[in-house]
Amino acid sequence: MTIIQSLLILLWKIGKCFIHPRLINLPIQPQPQLWDMLLAATGTIQIMSASNLNLKALGIRDKANNILAYNWHYMSWCNLCLHISRLHTFHVVRIFQINAVLDILDIPGVNSMATSNKTEVTCAYFLQTKKRYCRMSVKTGRKFCGEHASLEAANQACPTSAAKYARTPCPYDPNHSCFVSQLAKHMEKCNSKPQPLPEYIKENVNVIDSNDEEIKVNLGTLTDDELLAIISRVSKIHSDFVGELPISVGRHPVLETTLASLTESRGSWRHVFQSSSILHNMAQVGVLTSGKSRSTYVEFGSGRGQLSYAVGQAVDLDTDALLMIDKSSPRHKHDNRYKVDGESHASIHRVRADIADVDLGQVPLVRNDTRRLVGIGKHLCGAATDLALNCLYRANNPVGLVQGVCIALCCHHQCTWGLYVGKAFFQELGLSQTDFAIMRAMTSWAVCGSRRAKEHSDAGQEAGEVTSALPGRYAAMGLDIERREKIGRQCKQIIDRGRVAFLSTWPLEAKLLYYVEPDISPENVLLLAHIS
């Protein structure tokens, strides 16, 4: 045996770990007829090539990109194996489906190995989504792993042990299974086992009226006269009961260092700036104090708790406390920054639950303490604001614990009539549930990207183009972009005015104001309430 032949055999043995498992079983000695058959079967398959691979040098394609036959005089069978291995493994060139070719050739010792090798080493269950077999190990004499044993009738392949190895889906979570004989033990320690709920979690305790069937209105179904009539009514109600909102943009000194370290063009700077302005307005009305009064600041929809973290820096956590409520548990929570040696701060608490299910008065931090409550939230979407207000109302009545509310509002198109706390205000104005649904649909005009459409229109006019960014119907009705955006904001503020009326019955002195400029956030209205 020559040195070259020895090197080729060595390369073959090294490359076996990368080659398709059904090619590993091929004989070590060259079999030209076998590879001629393999070449003949694959020569008609379309080859997908990469630009950085010299296929012409491999003898697969010529300059005209035509498939060529391998030149057996210059390329040995072992070299071919290594090329097949390299190309198939790294997906640079997917030459053929090896399984299909070997099935056609019916090579003794190769096809029989395909099944026996699979079942002896790994699970025989084929994962359709991943287009491969399961890679979990199986026990000797079995075909499937424990995870997939219950999905196939293959357990009966061993009749003597079928009863012993029979599996059943877990009653708590059917996505996994366990042995039938160990079901009782599994149910005691299963991670999916429902845990007893704390006494302050009560399903839909903050839902006002779940019996009202929600009405959805498509503005396209309204006639022009109907749409113009409701717009005229919206403008009058807004003029009489809302008016122009005051602008109160400011910064709180506790976040000045953080703002100075961030770039204004980045989204993180805008979020910190919004938090700073919220703290500024809370301090203006006396609901953000440091050591002057003992308060618990409850953030609804807290997420990572950025707003609570800012409040915690502005107050004295030796006398005040923070409570965050959110139904998810995101990573990188800001309240983790208060941990010392892995232990949470004694005044910082988090409740993982839906706002609709939290009985705030029964939360130990609130029930066992005399601190006043301040409800806060930043971009609390749609109906979540109504749930938060009703949650505070139930804790406030009749004790009178709530001394302030500060919520940055958004996503009015997600409001629902069944959860809305301002129904009494709407009914006083003679507005129905259908009117609420129409106004809710029009709120999207305020933040639906009309500004980009306006900029596109202005750019076209500057270029001398005759363009129109208005849909045909709205153009005919005289509803240009600025008019629709204004109407959308009016609808938002009328819905928010109902929330102000609800807070006024507690009693709290409530108002709406702009806390940042629209270029910082188009959802820039703050609901602020405090004790008179």
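The values are calculated or read from the model by the stated rules, or taken from the named source; none is laboratory data. None of the values given here were measured: they were computed from a predicted structure. Glycine also receives a Cβ, built like all others from the backbone with ideal geometry; neighbour counts cover every protein chain displayed. Each accessible area value is taken on the protein alone, full model and side chains, heavy atoms only, with ligands, DNA and RNA left out. Shrake-Rupley method; radii C 1.70, N 1.55, O 1.52, S 1.80 Å.
Take the range 263-312 with all the other protein chains still there, run a 1.4 Å probe, and you get 36 Å² of accessible area per residue.
Across the cross-link table entries K236/K378; K193/K339; K423/K511; K327/K378; K193/K327; K130/K333, which are compared at the Cα atoms, the separations over 23 Å belong to K236/K378; K193/K339; K130/K333.
3J(HN,Hα) along the range 243-252, derived from phi through the Karplus expression 6.51 cos²θ - 1.76 cosθ + 1.60 where θ = phi - 60°, amounts to x, 6, 7, x, 9, 9, 9, x, 10, 9 Hz, with x in place of Gly and Pro. Distance from the alpha carbon centroid of the range 385-442 to that of the range 215-252 works out to 16 angstrom. Can you tell me the FRET efficiency between V399 and K327 if r is taken as the Cβ-Cβ distance and R0 is 30 Å, rounded to the nearest 0.05? Efficiency for this residue pair is about 0.70. Put a dot 7 Å past the Cα of S532, heading toward its Cβ, do the same for R352, and the two dots end up 4.3 nm apart.
Which FRET efficiency, nearest 0.05, do K292 and K236 yield, Cβ-Cβ r, R0 35 Å? Walk me through the intermediate numbers first.
Working: r = 43 Å, r/R0 = 1.24.
My answer for the efficiency is 0.20.
The modelled label-to-label distance for the pair R132/V249, using points 7 Å beyond Cα in the direction of Cβ, is 5.4 nm. If you plug the beta carbon distance of L197 and I3 into 1/(1 + (r/R0)^6) with R0 = 51 Å, you get a FRET efficiency near 0.10. The overall shape of the range 253-408 is rounded: from the C-alpha gyration tensor, with semi-axes ordered a ≥ b ≥ c, the ratio a/c is less than 1.5.
Extending 7 Å from Cα along the Cβ direction at E256 and again at D212 yields two label points whose distance is 4.6 nm.
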